[in-house]
Every structure is written in structure tokens, then in C-alpha cells.
């Protein structure tokens, strides 16, 4: 699966996901930060699932109808455990993500909004 990590996601997470075999583009290497709209647009154009800590990605997709290929949002995680939770979510919800689901991952639960 091809992933795009938002600038707010730690570089260590990019390394963990790459080591797990995922094709990663990390926007943290972009200067300056391109912003949420540009990031979700790039993810869609490159056929990548964006991973973010930012609630705005869901708003852009749901409220403003921006096209996407699924979204993972991490809530309440420090940088160190982000990779572990991303890998677990990707393994468990790959099918849903490939069909445009928005997966919100928290330490104690996961919410999924399936695409219409």
C-alpha cells in the first residue's frame, strides 16, 4: 500500500512503515509545509492513503468533498508509538481504506467512516 505521511507525523513513523514494506512519502521533507489541501490532493494524485494527526483532513473529505483514497487519522499519540498503531490499522483495515474509508485510531478504540 502506498502512504503519504503528513508533516505532523514523526519521521520515526516513516522509518517504521518503510521497514514494514509500505511505500512511503513523508511530507515532513517538504519545505515549506504545503498545507492540508495540497497534502490531501497530492495523496489522491499519487494514489496514496494519507496518515495525519490533523482533523482537517476528514473535514476536507467529508464537508468539502475533496477526493481521497482513504485516510488514517491518529488521535492522542506521542511520536514513538505512531508507527505501531499505523501498522496495526493498515493490516486490519486495508480493505476498507482501499475503498475510501476514514479510519480514526485512538489507543482504546477505532472509528471507521465508510465511503458513500
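Does residue 111 count as surrounded by fewer than 14 Cβ atoms within 10 Å (Cβ to Cβ) and either at pLDDT 95 or above or in contact with a strand residue (DSSP E or B) (Cβ under 9 Å, 6 or more places away or on another chain) (or both)? Spelling it out, residue 111 is indeed surrounded by fewer than 14 Cβ atoms within 10 Å (Cβ to Cβ) and either at pLDDT 95 or above or in contact with a strand residue (DSSP E or B) (Cβ under 9 Å, 6 or more places away or on another chain) (or both).
Okay, residues lined up against (1) on the phi > 0 side of the Ramachandran plot; (2) at pLDDT 95 or above:
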{"site": "15", "(1), (2)": "no, no"}
{"site": "20", "(1), (2)": "no, yes"}
{"site": "27", "(1), (2)": "no, no"}
{"site": "30", "(1), (2)": "no, no"}
{"site": "35", "(1), (2)": "yes, no"}
{"site": "38", "(1), (2)": "no, no"}
{"site": "45", "(1), (2)": "no, yes"}
{"site": "59", "(1), (2)": "no, no"}
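Residue 79 meets the conditions (1) touching a residue at least 40 places away in the same chain (Cβ under 8 Å); (2) closer than 17 Å to residue 1 by Cβ in every case but one. The failed one is (2). Of the strands (runs of 3 or more DSSP E) contained entirely in the stretch 1-90, those carrying at least 3 residues that are in contact with a strand residue (DSSP E or B) (Cβ under 7 Å, 6 or more places away or on another chain) and within 17 Å of residue 102 (Cα to Cα) fall at 2-5, 49-52, 71-74. The numbered conditions (1) modelled with pLDDT under 95; (2) within 19 Å of residue 112 (Cα to Cα) are all true for residue 50 except (1). Go through (1) in a helix (DSSP H, G or I); (2) free of Cβ contacts under 8 Å to residues at least 12 places away in the same chain; (3) in contact with a strand residue (DSSP E or B) (Cβ under 8 Å, 6 or more places away or on another chain) for residue 96 and report which single condition fails. Condition not satisfied by residue 96: (2).
Kindly establish whether residue 90 is farther than 17 Å from residue 4 by Cβ and in contact with a helix residue (DSSP H, G or I) (Cβ under 9 Å, 6 or more places away or on another chain). So residue 90 fails the test. Hey, could you check the stretch 61-87 for residues that are closer than 13 Å to residue 17 by Cα and out of contact with any helix residue (DSSP H, G or I) (no Cβ under 8 Å at 6 or more places or on another chain) and say which is surrounded by the fewest Cβ atoms within 10 Å (Cβ to Cβ)? Out of the qualifying residues, it is 81. Here the stretch 99-108 is the region considered, the condition is being exposed (fewer than 13 other Cβ atoms within 10 Å of the Cβ) and touching a residue at least 12 places away in the same chain (Cβ under 8 Å), and the residue that is nearest to residue 69 (Cα to Cα) is 99.
The values are calculated or read from the model by the stated rules, or taken from the named source; none is laboratory data. These numbers come from a predicted model, not from an experiment. Positions of Cβ are backbone-derived with ideal geometry, glycine not excepted, and every protein chain shown enters the neighbour counts.
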